[in-house]
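Report on one structure; see the data block that follows.
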Amino acid sequence: DGEMQYYFFHPVRQALIAIAWLFEAQPENPENEHLQLLIEEFQNLYDENSKLCSENENTNPDSSTIEGGDSAKRRLRNGSRREQTKLKYWDPFHSDIQKTIHFWGYTGSLTEPPCTDAVLWRIMDVPVQISTGQLNQLQNILFNYRSSETCAFTSSHFNDSVARPLANELRYYKCTRTDYVSDDEREICGDSGCDAPFGKDLQPYVESIVYVSGPPTLSPTMMPF
């Protein structure tokens, strides 16, 4: 239903690593409380920019940008920020987000321009559970977000797609519990793990939910490390 991506630069491998979390929204799913903290931060920015652009359009009905709205720009930059308490800390690997330490991996590219190649992708094999309301909220924020500088819509949803064709022979691998167990579990039971498996931070173990059309075509040890 959706996807969230984290990007890291590995200084030893001199490579960009992308971690992808897939979202699954089912009617019976409760709200993901930890993710909602992040969504509200995006919502607040969305609301601020929407208000700014609406004020500018009312002042300059013939303008679709805020090039002439210097005072509005200053209000946005110099203190007309929301008065709500800002989120000071958000754990990107909270147990509401990360249910697994295992993943599908492959070497690909960034998903948006400049579409840089040689990115090491990690697709986590257990989706993040969210509510349908959260999915709708995220879709609205992403598809209808407007730039604070120009009031233009920023989503490629409004422009030609930047999707690229899939590689003909994309090779991928799968890391599972037989390859490694979590650090916490290893500390308790040794490198082989406990008889009753645990997940991250000794959370309940969740079997892989993300599948592909065929078996892995590449061993993790064959990755260009």
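Tabulated results
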| read-out | value |
| --- | --- |
| Inter-probe distance in nm under a simple model that places probes 7 Å from Cα toward Cβ, at S95 and T154 | 3.4 |
| Accessible surface of region 1-57, 1.4 Å probe, proportion on carbon and sulfur as whole % | 55 |
| Nitroxide proxy distance, nm - points 7 Å out along Cα→Cβ at C189 and T111 | 3.3 |
| FRET efficiency, V206 to Q26 (Cβ-Cβ, R0 22 Å, nearest 0.05) | 0.90 |
| Relative packing of 38-49, 190-201, which averages over residues the other C-beta atoms within 10 Å, highest first | 38-49, 190-201 |
| FRET E, pair D179, Q139, Förster distance 35 Å, beta-carbon r, rounded to 0.05 | 0.50 |
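The values are calculated or read from the model by the stated rules, or taken from the named source; none is laboratory data. On a predicted model such as this, the values are computed, not experimentally measured, just so you know. Neighbour counts run over all protein chains shown; Cβ positions are idealised from the backbone, glycine included. Please note that ligands, DNA and RNA were not included when accessible areas were found on the heavy atoms of the full protein model with its side chains. Shrake-Rupley method; radii C 1.70, N 1.55, O 1.52, S 1.80 Å.
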